[in-house]
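Structure first, commentary second.
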Amino acid sequence: MLKEYIDDVARLNRAQKLFLLVGVVAMAVVVTVSNILVEMPVNDWFTWGALSYPIAFLVTDITNRTLGARLARDIVFVGFIVAVVMSLLLANPRIAIASGSAFFIAQMLDVTIFDKLRRQSWWKAPVASSVIASFVDTVIFFVLAFVGTGLPWHTWALGDYAAKLIMVAVLILPFRGLIKITDPLTLAPVAR
């Protein structure tokens with residue numbers, strides 16, 4: 001896998017390599033910050049992490065659209081490793097493990113769904129992949145992180161998923177703006 005990743009990156013031009021690096025750093029920062037914010041409830045319905053974490057789907061989707069599913073999976077993997085290490089250092093270990101598990105499964109699902117829908121209207125792939133993967137992420141994360149703690153994780157999970165759906169609607173506009181910027185870098189076939 002490492003050799004394939006190195007080969008994939010070697011084929012990229014300078015701007016595409018920079019784009020990939022920015023994506024990895026953005027992914028690591030978003031997940032690390034979200035793991036800290038998820039321990040800070042806004043109320044009984046959701047935590048601050050619900051507002052920051054959906055940005056990870058934006059990073060994955062714009063990478064998938066621009067560089068293709070294979071490099072999007074690579075960015076998820078590299079971002080996952082960095083984020084788990086940082087989260088183990090900065091967040092509660094149970095949160096870090098729950099987050100890493102939910103993140104990896106949901107992000108890989110997001111990449112797969114996006115890739116299957118990539119040739120449809122520009123908005124369908126990011127919306128469908130983010131809505132479905134956010135649900136999977138929410139269920140896995142809240143079960144692993146909070147079952148048995150006595151905390152109101154059921155309502156946090158419902159509220160977080162609702163907030164994630166709102167963020168999908170909000171982040172579709174930056175996605176549209178970003179594809180106008182990143183289209184010159186695009187390697188993968190996409191709907192315009």
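The values are calculated or read from the model by the stated rules, or taken from the named source; none is laboratory data. Remember, it's a predicted structure, so these values are computed and weren't measured experimentally. Every residue, glycine among them, receives a Cβ derived from its backbone with ideal geometry; neighbour counts consider all protein chains shown.
Things worth noting here:
- Within region 23-68, the set of residues being in contact with a strand residue (DSSP E or B) (Cβ under 8 Å, 6 or more places away or on another chain) and at pLDDT below 85 comprises Val38, Glu39, Pro41, Thr47.
- Test: residue in region 40-62 that is among the charged types (D, E, K, R) and farther than 16 Å from Ser130 by Cα: yes
- Beta carbons closer than 7 Å, at least 6 apart along the sequence or on distinct chains, pair a first residue in region 78-89 that is free of Cβ contacts under 8 Å to residues at least 12 places away in the same chain with a second that is surrounded by 16 or more Cβ atoms within 10 Å (Cβ to Cβ) for Leu88/Ala96.
Conditions tested, residue by residue: (1) within 16 Å of Phe142 (Cβ to Cβ); (2) surrounded by 22 or more Cβ atoms within 10 Å (Cβ to Cβ); (3) not hydrophobic (A, V, I, L, M, F, W, C).
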site	(1), (2), (3)
Ala50	yes, yes, no
Val82	no, no, no
Ser101	yes, no, yes
Ile105	yes, no, no
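- Among (1) within 19 Å of Val29 (Cα to Cα); (2) touching a Phe, Trp or Tyr at 6+ places or on another chain (Cβ under 6 Å) - the single one Ala106 does not satisfy: (2)
- Residue match in region 132-155 (condition: outside any helix (DSSP H, G or I) and among the β-branched types (Val, Ile, Thr)): yes
- Residue among Leu187, Leu178, Leu173 that alone is over 23 Å from Phe103 (Cβ atoms), of a type in the set (A, V, I, L, M) and either part of a helix (DSSP H, G or I) or at pLDDT 90 or above (or both): Leu173
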